[in-house]
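Since the structure comes first, as structure tokens, the remarks are kept for the end.
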Amino acid sequence: MHCLDSYLFVSAAMFVLGLLAVVTRKNAVSILMGIELMLNAGALNFVAFSRFSTANLDGHVAALFILIIAAAEAAVALAIFLNLYRLKATSEVDKANLLRG
Amino acid sequence: MNILGEIVFWVFVLLTIGSSMVVVFHSRIIYSAFALLFTFFGIAGLYVFLAADFLAASQVLIYVGGILTLIIFGVFMTTKITTLSIPQLTHHRYIALIPIGLVFYALVHMIFKTSWPVNVLDVGPTTQMLGQLLLTKYLVPFELASVLLLAALVGAMRLARMFREAD
């Protein structure tokens, strides 16, 4: 019988992998993918606790709001990346240094 | 839970973690984007095991149908075909592995040492209860979320067309 611990372990692994992507990747779209991994890990945690620990559906609602935030964030982030690409002809975050003095 | 259910559960776990590793470690960004598809499907499968039927369906619809399409679109818009094979990692990859490994160790240690309160929820289909929660207890965040989505929509369109109008 799989229990809360196995879901929390999967979620922790996904969160750490997403963090690794955010820290090590240069490409802006890869960083966005890392953020999506971390958001998914958080949502999985909410649903797992809702099933095994709190016994109500509040965790499901929280996961639903994470879904909404992720959608809004992806749309705005990609619009920003498109502008970065038009300005600098690259999507590497190191090259976004227009505000550097 | 029968033995077949166990096998399917661990297949979903392996699918999720394995494809997340491909997302993080593959040097070609387009392969990362497609591996993210399998991660999202694996998470949807885990939602099914958690009896979250509505969330599993919306995970597939919104993440796979919406966000992943946007991400792949972004990959194609911002990457030249000739640069697809250039490694996307920085030089600090192995230095970053140490603190992040420590974070992972701390998380796993915490997960298995804590005795979580056990209070198993056993309900049928969750869609009706979720709808009632969204229109009673969570009405204000729900409406705020729709305003946020509208603002993101308008803002993203404005940002994406900013330079086309200037030309």
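The values are calculated or read from the model by the stated rules, or taken from the named source; none is laboratory data. What you see is a predicted model; the values in this text were computed from it and never measured. So basically every Cβ, Gly included, is an ideal-geometry build from the backbone, and we count neighbours across all protein chains shown. In case anyone asks, the SASA skips ligands and DNA or RNA and just uses the protein heavy atoms, side chains included. Shrake-Rupley method; radii C 1.70, N 1.55, O 1.52, S 1.80 Å.
Which residues, taken from region B:49-70, are without any contact (Cβ under 8 Å) to a residue 40 or more places away in the chain and more than 15 Å from the chain's Cα centre (by Cα)?
Of everything in region B:49-70, just one residue is without any contact (Cβ under 8 Å) to a residue 40 or more places away in the chain and more than 15 Å from the chain's Cα centre (by Cα), namely B:LEU50.
Please find, within region A:1-60, the residue that is farthest from the other protein chains (Cβ to nearest Cβ) out of those that are in contact with a helix residue (DSSP H, G or I) (Cβ under 7 Å, 6 or more places away or on another chain), of a type in the set (A, V, I, L, M) and closer than 22 Å to B:MET129 by Cα.
So, considering only residues that are in contact with a helix residue (DSSP H, G or I) (Cβ under 7 Å, 6 or more places away or on another chain), of a type in the set (A, V, I, L, M) and closer than 22 Å to B:MET129 by Cα, the one farthest from the other protein chains (Cβ to nearest Cβ) is A:ALA43.
Residues checked against (1) of a type in the set (Asp, Glu); (2) free of Cβ contacts under 8 Å to residues at least 12 places away in the same chain; (3) in contact with a Ser or Thr (Cβ under 8 Å, 6 or more places away or on another chain); (4) open to solvent by 90 Å² or more (accessible area, probe 1.4 Å):
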| position | (1), (2), (3), (4) |
| --- | --- |
| B:LEU4 | no, yes, no, yes |
| B:ILE7 | no, yes, no, yes |
| B:SER19 | no, no, yes, no |
| B:HIS26 | no, yes, yes, no |
| B:ILE29 | no, no, yes, no |
| B:LEU36 | no, no, yes, no |
| B:THR39 | no, no, yes, no |
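Name, by its number, the condition in (1) out of contact with any helix residue (DSSP H, G or I) (no Cβ under 9 Å at 6 or more places or on another chain); (2) assigned to a helix (DSSP H, G or I) that does not hold for B:SER115.
B:SER115 satisfies all of (1) out of contact with any helix residue (DSSP H, G or I) (no Cβ under 9 Å at 6 or more places or on another chain); (2) assigned to a helix (DSSP H, G or I) except (2).
Is there a residue in region A:75-86 that is farther than 30 Å from B:LEU135 by Cα and touching a residue at least 60 places away in the same chain (Cβ under 8 Å)?
No.
Could you please find all residues in region B:116-151 being polar (S, T, N, Q) and either more than 8 Å from every other protein chain (Cβ to nearest Cβ) or open to solvent by less than 60 Å² (accessible area, probe 1.4 Å) (or both)?
B:THR126, B:THR127, B:GLN128, B:GLN132, B:THR136, B:SER146, listed by residue number.
Filtering region B:74-115 down to residues that are at pLDDT 75 or above and among the small types (Gly, Ala, Ser), which residue is surrounded by the fewest Cβ atoms within 10 Å (Cβ to Cβ)?
Per the stated criteria, the residue is B:SER115.
Which numbered condition in (1) open to solvent by 10 Å² or more (accessible area, probe 1.4 Å); (2) within 28 Å of A:PHE81 (Cβ to Cβ) is the only one that A:VAL29 fails?
A:VAL29 satisfies all of (1) open to solvent by 10 Å² or more (accessible area, probe 1.4 Å); (2) within 28 Å of A:PHE81 (Cβ to Cβ) except (1).
Could you tell me whether B:LEU50 is under 21 Å from A:ALA62 (Cβ atoms), at the interface with chain A (Cβ under 7 Å from one of its Cβ atoms) and hydrophobic (A, V, I, L, M, F, W, C)?
yes
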